[in-house]
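Q: Please read through the structure below; I'll follow up with questions.
The values are calculated or read from the model by the stated rules, or taken from the named source; none is laboratory data. This one's a predicted model, so the numbers in the text were calculated from it and none came from an experiment. Because the Cβ atoms are built from the backbone with ideal geometry, glycine has one as well, and the counts that use them run over all protein chains shown.
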Amino acid sequence: MITIEQLKAAQERLADLKRYLDIDNKKIQLEEEELRTQVPGFWDDQKAAEAQMKVVKGIRSWIEAYDEAKTNVDELATAFDFYKEELVTEAEVDEQYKKTIDLFESIELRNMLQGEEDHLNCVLKINAGAGGTEANDWAQMLMRLYMRYAEDHGYKATVQDLVEGDDAGIKSCTIEIEGDMAFGYLKSENGVHRLVRVSPYNAQGKRMTSFASVFAFPMIDDTIEVNIDPGRLTWDTFRSGGAGGQNVNKVESGVRARYMYLDPYTGQETELLQACTVTRDQPKNREMALQLLKSQIYNIEMEHKREKQAAIEAGKKKIEWGSQIRSYVFDDRRVKDHRTGYQTSDVNAVMDGKIDGFIKAYLMEFGGE
């Protein structure tokens, strides 16, 4: 059973939340921004209108989050009083307290995501490391992990490109995850992931180590302009592999953008590749591949602006021993993040997409950078 001190602490935390979220000022802002959406001809410029609606939605979401927290604190205080009158049980009070604290932590964590790109959708590129079938299987397991994470959080996950392994698993995939603060949360997954397990593909039942890399970058929207030099851009077309119907496999609907990117900060030239096979319509695939390419360029330039050269170099490490950010050791029932030290023994939950603890630990330690 919680104490009166814990109840008071929750009420003080609510007051702090109202202050640092600046809720009173946000309510005034919301009224002003909503007035802008009511002027005649507002939707004549659709791009500007959508940008304005996004501003309104963003401000409103913070007010709604605070209101939800206030409701939970009020219900906690009521439950605390009702317990004295034996109208609720001790377990019900404690359950309401846990719900309230979890909500506080969720809002406070989201408040840490103040980067210019944190609110955008996220693109995850997963590549299997060396190791053939074993590594390909691991890459597919990670793909499933992130698809389940997206499903649990109400995000929309779309596989934009997929290269299957020769015998099993995948060699690589590109997933777009759409939802509020998707990149802000999933940027924590950027790096090499290491798996240790007794391999089902090894006849001797040996313990095997596999690697896969995950690259996370924000998917830009129409409000962000990224210039592409047409002279540096070329296109490949190919038949889409895997399932998808006869037309997908017989027609060259898959596209791959090749762009020789000249880094304005370092002067280095790098070939950037983005493929899309998600639809049977080649023009639509081309449009999506171009958006993925622009997002990749935007991410590179944002990292430069934020002086994250060290993070960029870390992302270029070989997919091998010693460069991993996280280890998944199945037979020891342990998943550990080497950057934060956070770990859990619930391997099955992690592989089902329950990675919020890892994300939280990462943002608490590095979110302010």
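Q: Confirm whether L145 is assigned by TED's automatic domain parsing to the domain that holds D281 and crowded, with 23+ Cβ neighbours inside 10 Å. Walk me through it before giving the result.
A: Working: assigned by TED's automatic domain parsing to the domain that holds D281: yes; crowded, with 23+ Cβ neighbours inside 10 Å: no.
No, not satisfied.
Q: Just to be sure, is A79 part of a helix (DSSP H, G or I), aliphatic (A, V, I, L, M) and without any contact (Cβ under 8 Å) to a residue 24 or more places away in the chain? Don't jump to the end; show me each part of the working.
A: Details: part of a helix (DSSP H, G or I): yes; aliphatic (A, V, I, L, M): yes; without any contact (Cβ under 8 Å) to a residue 24 or more places away in the chain: yes.
For A79, the condition - part of a helix (DSSP H, G or I), aliphatic (A, V, I, L, M) and without any contact (Cβ under 8 Å) to a residue 24 or more places away in the chain - is met.
Q: How about the range 159-170: which of its residues are free of Cβ contacts under 8 Å to residues at least 60 places away in the same chain and in contact with a Leu (Cβ under 9 Å, 6 or more places away or on another chain)? Before the answer, list the steps.
A: Initial filter on the range 159-170 (free of Cβ contacts under 8 Å to residues at least 60 places away in the same chain): 165-170.
If the condition is that a residue be free of Cβ contacts under 8 Å to residues at least 60 places away in the same chain and in contact with a Leu (Cβ under 9 Å, 6 or more places away or on another chain), then I170 is the only one that fits.
Q: If you check A139, A130, A168, which single one turns out to be farther than 24 Å from M112 by Cα, surrounded by 22 or more Cβ atoms within 10 Å (Cβ to Cβ) and in the same structural domain as Y362 (by TED's automatic domain parsing)? Outline the logic, then answer.
A: Values: A130 fails: surrounded by 22 or more Cβ atoms within 10 Å (Cβ to Cβ); A168 fails: surrounded by 22 or more Cβ atoms within 10 Å (Cβ to Cβ).
When all the criteria are applied, what remains is A139.
Q: Something else now. Name the pairs whose Cβ atoms lie under 7 Å apart, with the first residue in the range 181-204 and buried (at least 22 other Cβ atoms within 10 Å of the Cβ), the second modelled with pLDDT of 90 or more and part of a helix (DSSP H, G or I), and 6 or more positions between them or separate chains?
A: Pairs that qualify, where the first residue is buried (at least 22 other Cβ atoms within 10 Å of the Cβ) and the partner is modelled with pLDDT of 90 or more and part of a helix (DSSP H, G or I), are Y185/I359; S188/F358; S188/I359; S188/Y362; S188/L363; H193/L142; L195/W138.
Q: Name the one entry in Q343, Q309 that is more than 19 Å from L124 (Cα to Cα), among the polar types (S, T, N, Q) and modelled with pLDDT under 85. Steps first, please.
A: Values: Q343 fails: modelled with pLDDT under 85.
When all the criteria are applied, what remains is Q309.
Q: Need pairs with beta-carbon distance below 6 Å; first residue in contact (Cβ under 8 Å) with a residue 40 or more places away in the chain and within the range 215-239, second of a type in the set (D, E); sequence gap 6+ or separate chains.
A: A216/E189; P218/E117; M219/E176; T237/E252
Q: Another question, then. Could you run through the range 140-173 and say how many residues are in contact with a Lys or Arg (Cβ under 6 Å, 6 or more places away or on another chain) and within 18 Å of G353 (Cβ to Cβ)?
A: Here is the first cut: in the range 140-173, the ones in contact with a Lys or Arg (Cβ under 6 Å, 6 or more places away or on another chain) are 163, 165.
Among the residues that remain, those that are also within 18 Å of G353 (Cβ to Cβ) are: none.
Total satisfying the criteria: 0.
Q: Now, a different point. Among the residues of the range 75-85, is there at least one that is crowded, with 17+ Cβ neighbours inside 10 Å, within 26 Å of G367 (Cβ to Cβ), over 22 Å from the mean Cα position of the chain (by Cα) and outside the structural domain of Q296 (by TED's automatic domain parsing)?
A: Within the range 75-85 (the criterion being crowded, with 17+ Cβ neighbours inside 10 Å, within 26 Å of G367 (Cβ to Cβ), over 22 Å from the mean Cα position of the chain (by Cα) and outside the structural domain of Q296 (by TED's automatic domain parsing)), the answer is no, since none of the residues qualifies.
Q: A further question on this structure: Considering each residue of the range 164-182, count those that are within 22 Å of E151 (Cβ to Cβ) and in a loop (DSSP other than H, G, I, E, B), and give that number.
A: The qualifying residues number 4.
Q: L113 passes all but one of (1) at pLDDT 95 or above; (2) in contact with a helix residue (DSSP H, G or I) (Cβ under 6 Å, 6 or more places away or on another chain); (3) surrounded by fewer than 19 Cβ atoms within 10 Å (Cβ to Cβ); which number fails?
A: In the conditions (1) at pLDDT 95 or above; (2) in contact with a helix residue (DSSP H, G or I) (Cβ under 6 Å, 6 or more places away or on another chain); (3) surrounded by fewer than 19 Cβ atoms within 10 Å (Cβ to Cβ), L113 misses (1) alone.
Q: Taking the stated definitions as given, is T174 surrounded by 17 or more Cβ atoms within 10 Å (Cβ to Cβ), in the same structural domain as M351 (by TED's automatic domain parsing) and in contact with a Leu (Cβ under 9 Å, 6 or more places away or on another chain)? Steps first, please.
A: Values: surrounded by 17 or more Cβ atoms within 10 Å (Cβ to Cβ): yes; in the same structural domain as M351 (by TED's automatic domain parsing): yes; in contact with a Leu (Cβ under 9 Å, 6 or more places away or on another chain): yes.
Here the answer is yes, as T174 does meet what is asked.
Q: Another question, if that's okay. Give the residues of the range 340-361 that are part of a loop (DSSP other than H, G, I, E, B) and either crowded, with 16+ Cβ neighbours inside 10 Å or of a type in the set (A, V, I, L, M) (or both), sorted by residue number. Before you say what the answer is, go through the steps one by one.
A: Initial filter on the range 340-361 (part of a loop (DSSP other than H, G, I, E, B)): 340-342, 345-346, 352-355.
Listed by number, the residues that qualify are T340, Y342, G353, K354, I355.
Q: Taking the condition of being surrounded by 11 or more Cβ atoms within 10 Å (Cβ to Cβ) and within 14 Å of A69 (Cα to Cα), how many residues in the range 16-29 meet it?
A: 5
Q: Restricting to the range 36-68, count the residues that are surrounded by fewer than 11 Cβ atoms within 10 Å (Cβ to Cβ), touching a residue at least 12 places away in the same chain (Cβ under 8 Å) and outside any helix (DSSP H, G or I).
A: Final tally of qualifying residues: 0.
Q: Take the conditions loosely packed, with under 13 Cβ neighbours inside 10 Å, in contact (Cβ under 8 Å) with a residue 24 or more places away in the chain and in a helix (DSSP H, G or I) and apply them to K98. Does it pass?
A: Values: loosely packed, with under 13 Cβ neighbours inside 10 Å: yes; in contact (Cβ under 8 Å) with a residue 24 or more places away in the chain: no; in a helix (DSSP H, G or I): yes.
No.
Q: Confirm whether I107 is among the β-branched types (V, I, T) and not assigned by TED's automatic domain parsing to the domain that holds K360.
A: Against the criterion (among the β-branched types (V, I, T) and not assigned by TED's automatic domain parsing to the domain that holds K360), I107 qualifies.
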